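See structure below.
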Amino acid sequence: MATAAATQVTIMRQHLIDPEICIRCNTCEETCPVNAISHDSRNYVIDAAKCKYCYNCISPCPTGAIDNWRHVRAEEAYPLAEQLLWDTLPAQIALDESPKVGAGDTANEVQSQATPLPDDVERIAAASTSGQGGIAPPPWSAAHPYVNLYSIQKPALATVSGNFRLTAEDASSDIRHIVLDFGNAYFPVLEGQTIGVLAPGLDANGKPHHVRLYSVASPRDGERPRYNNLSLTVKRVTSDHEGAPVNGVASNYMCDLKKGDKVQVVGPYGTSFLMPNHPGSNLLMICTGTGSAPMRAMTEHRRRKFVAGENAGRLMLFFGARSHGELPYFGPLTKLPKEFIDINFGFSRVPGEPKRYVQDLLRERGGDVARLLRDENTYVYLCGLKGMEKGVEEAFTEACRANGLDWGTLRPQLLQQGRYHVETY
Ligand SMILES: Cc1cc2nc3c(=O)[nH]c(=O)nc-3n(C[C@H](O)[C@H](O)[C@H](O)COP(=O)(O)OP(=O)(O)OC[C@H]3O[C@@H](n4cnc5c(N)ncnc54)[C@H](O)[C@@H]3O)c2cc1C
Ligand code: SF4
Ligand code: SF4
């Protein structure tokens, strides 16, 4: 691989607006602190020489049209005059085929989005969404996700910049918050997407281990805003689904990583389990264990907007665990303002207390759940153990019945409208 120094070529990440999706609402132009955005009667455009990558314009955009990026050679950035004529965004050019390229790690690794997903990922993703009957469309206002930028043949190399235990020391599960830093590599993710991890070593057949997927737990602007990093919520697997002792390959590898260690990452993946971006959109989130990862990403994205004074929609969270100590993110969640998020915890193994699962909480709050479901701006997310799906569906059925709705009619409508998303594993 040539280096930037050797070839004197600079690859930049150019910020662009998708003319097909943009509704010309002018929000971004009003938001940009450096007047990088302008428009004519046809298109909204961004001046590459002025954009400071502050990301101020990203979350206010109601359509996600503003959240588009292309790697280009700095001297060949798309000029304003050309952008003003576009009807569609240009595809990512294959920088790695150019003899001029040398900026190294990032651009050389960018894959065509037409590259098929690895078989493992197709299979695992299909299984995880089987509860909703296959991949559903994303919310209409979701930002455009990038997928499959890094293949198994050319993974990105991330550096561990943090790894700490989220569950209590005496809890039965060791769930960790792991922060990965991508340095100069281009690795854009949205809340609800997953990344793949390639654990080192070989399996029992002498082949490299298959890809394991992990949900991104940080918002699109990073675990630490504007640093090129993301976080994961990883549970150490020490027994199989039947309870027999086993050391899970990737989860133990991940949980044992130390600061500074390098990890091979592929992806990102996921075009469906994405959050809406339009103002006033509500999130109804239901999760157990590490199913909290995408909910944490979405909640944190909305929290940052809330702190910035933006009025987002309503957030309602149902979170199940054995006890307080087993619940990842318990502490930070309890500190969130009530007017920002309506949180319902269900604990199933607290001595002296009755067992409460997420489905019980959904029933208890049936009236409020039904009120949210009636609102066409509500988007439902279900993530965690496969076993939770049945109980949650039954609770929705009951909550709807008791409040004049029919879940059997509503569910397919929600799915078709990209408003019901299930990811269980
Ligand atoms: C879409 C998606 C998102 C995911 N997101 C996350 C996430 O955010 N955090 C996370 O920790 N995991 C997540 N997973 C699960 C993750 O991909 C791995 O399956 C998990 O970490 C186990 O991998 P392993 O290599 O350690 O275990 P393996 O070596 O693959 O499996 C060891 C044994 O344990 C069993 N097993 C596998 N997973 C579990 C489990 N969770 N509980 C009990 N037994 C199990 C296997 O059947 C096998 O018998 C996700 C999976 C999918 C499909
Ligand atoms: S905020 Fe989004 S939709 Fe509105 S003009 Fe800008 S890019 Fe277009
Ligand atoms: S990222 Fe910042 S500087 Fe760039 S266009 Fe958006 S608001 Fe303007």
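The values are calculated or read from the model by the stated rules, or taken from the named source; none is laboratory data. Bear in mind that the values here come from a model prediction, so they are computed numbers and not experimental data. Cβ coordinates were reconstructed from backbone atoms using ideal geometry, including for glycine residues, and neighbour counts include every protein chain displayed. Protein only, heavy atoms only, side chains kept; ligands, DNA and RNA dropped before computing areas. Shrake-Rupley method; radii C 1.70, N 1.55, O 1.52, S 1.80 Å.
If you take every residue apart from Phe330 with its C-beta less than 13 Å away from the C-beta of Phe330, what net charge results, scoring Lys and Arg +1 and Asp and Glu -1?
+3
How do Leu230, Leu405 rank by accessible surface area computed with a 1.4 Å probe, from largest to smallest?
Details: Leu230 0, Leu405 40 Å².
Largest to smallest exposure gives the sequence Leu405, Leu230.
Percent of alpha carbon pairs in region 156-269 separated by more than 24 Å?
So the pairs more than 24 Å apart make up 24 percent of the total in region 156-269.
Among the aspartates and glutamates, which fall within straight-line cross-link reach of Lys262, defined as a Cα-Cα distance under 15 Å, with same-chain neighbours fewer than 8 residues apart omitted?
Leaving aside aspartates and glutamates fewer than 8 places away in the same chain, those within reach of Lys262 are Asp105, Asp181.
Given the C-alpha centroids of region 325-339 and region 160-221, what is the distance between them in whole angstrom?
After rounding, the separation between the Cα centres reads 22 Å.
Net charge near Cys22: determine it from the other residues with C-beta under 12 Å of the C-beta of Cys22, scoring Lys and Arg +1 and Asp and Glu -1.
Summing Lys/Arg as +1 and Asp/Glu as -1 gives -3.
Quick one: what does P(r) look like for the chain with 20 Å bins over all Cα pairs, in whole %?
25, 57, 18, 1
So what's Rg/Rh here for region 11-84, counting alpha carbon atoms and using the Kirkwood radius for Rh?
Ratio value, two decimals: 0.92.
Mean residue ellipticity at 222 nm from the helices of the chain, using -39,500 (n - 2.57) per DSSP H segment of n ≥ 4 over the full residue count, to the nearest 500 deg cm²/dmol?
Result for the chain: -6000 deg cm²/dmol, rounded to the nearest 500.
State the dimensionless ratio Rg/Rh of region 251-390 (Rg: radius of gyration of Cα atoms; Rh: Kirkwood radius).
Details: Rg = 16.4 Å, Rh = 16.6 Å.
Here Rg/Rh amounts to 0.99.
Using each residue's phi in region 372-378, evaluate 6.51 cos²θ - 1.76 cosθ + 1.60 at θ = phi - 60° and report the 3J(HN,Hα) Karplus result to the nearest Hz, with x for Gly and Pro.
Calculated HN-Hα couplings, in order: 5, 4, 5, 7, 5, 9, 9 Hz.
Could you compute the net charge surrounding Ala171? Neighbours are other residues with a C-beta less than 13 Å from the C-beta of Ala171; K and R count +1, D and E count -1. Let's see the in-between values first.
Values: positive: Arg165, Arg176, Lys235, Arg236, Arg322, Arg349; negative: Glu169, Asp170, Asp174, Glu326.
Around Ala171, the surrounding residues sum to +2.
Using a 1.4 Å probe on the protein chains only, how many percent of the accessible area of region 11-84 belongs to carbon and sulfur?
51
Based on the mean of other beta carbon atoms within 10 Å per residue, what is the order of 325-335, 178-188, 161-171, most packed first?
Numbers: 325-335: 17.1, 178-188: 20.2, 161-171: 15.5.
Result, highest mean first: 178-188, 325-335, 161-171.
Using a probe radius of 1.4 Å on heavy atoms only, what accessible surface per residue do you get for region 11-84? Whole Å² is fine.
In whole numbers, region 11-84 has 43 Å² accessible per residue.
Which whole-number percent gives the relative contact order of the chain, counting Cα pairs below 8 Å spaced six or more residues apart?
15
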